[in-house]
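S.K.: Below is a structure I'd like to ask you about.
The values are calculated or read from the model by the stated rules, or taken from the named source; none is laboratory data. This is a predicted model, so every value here is computed, not measured. Using ideal geometry, Cβ is built from the backbone for each residue, glycine included, and neighbour counts are taken over all protein chains shown.
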């Protein structure tokens, strides 16, 4: 998997979720996706409960978090 794969799905806009990184301009902050995964939900569980999300959205959230933790500079889509 490429380092930057699916990061175009992460958007930041001051009018959505107070400028937090979100999935595709929806009101799905990256941190909520990480919370769901941290609560031991599987990707399949999340997609079943939230059909507006796609597997690539969850992968993008994980990649975004990984890059942040690594200290790399990230420029999400607006």
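S.K.: Filter segment 1-12 down to the residues that are outside any strand (DSSP E or B) and surrounded by 15 or more Cβ atoms within 10 Å (Cβ to Cβ), then identify the one that is modelled with the lowest pLDDT.
M.R.: First, pick out the residues of segment 1-12 that are outside any strand (DSSP E or B): 1-9, 12.
Filter once more, keeping what is surrounded by 15 or more Cβ atoms within 10 Å (Cβ to Cβ): 6-7, 9, 12.
Working: 6: 84, 7: 88, 9: 95, 12: 93.
This residue is 6.
S.K.: A follow-up question, please. Could you say which residue among 33, 59, 46 is in contact (Cβ under 8 Å) with a residue 24 or more places away in the chain, touching a helix residue (DSSP H, G or I) at 6+ places or on another chain (Cβ under 7 Å), surrounded by 11 or more Cβ atoms within 10 Å (Cβ to Cβ) and in a helix (DSSP H, G or I)? Walk me through it before giving the result.
M.R.: Details: 59 fails: touching a helix residue (DSSP H, G or I) at 6+ places or on another chain (Cβ under 7 Å); 46 fails: in contact (Cβ under 8 Å) with a residue 24 or more places away in the chain.
Exactly one of 33, 59, 46 is in contact (Cβ under 8 Å) with a residue 24 or more places away in the chain, touching a helix residue (DSSP H, G or I) at 6+ places or on another chain (Cβ under 7 Å), surrounded by 11 or more Cβ atoms within 10 Å (Cβ to Cβ) and in a helix (DSSP H, G or I), namely 33.
S.K.: Test each condition in (1) over 10 Å from the mean Cα position of the chain (by Cα); (2) modelled with pLDDT under 95 for residue 63 and report the one that comes out false.
M.R.: (1)
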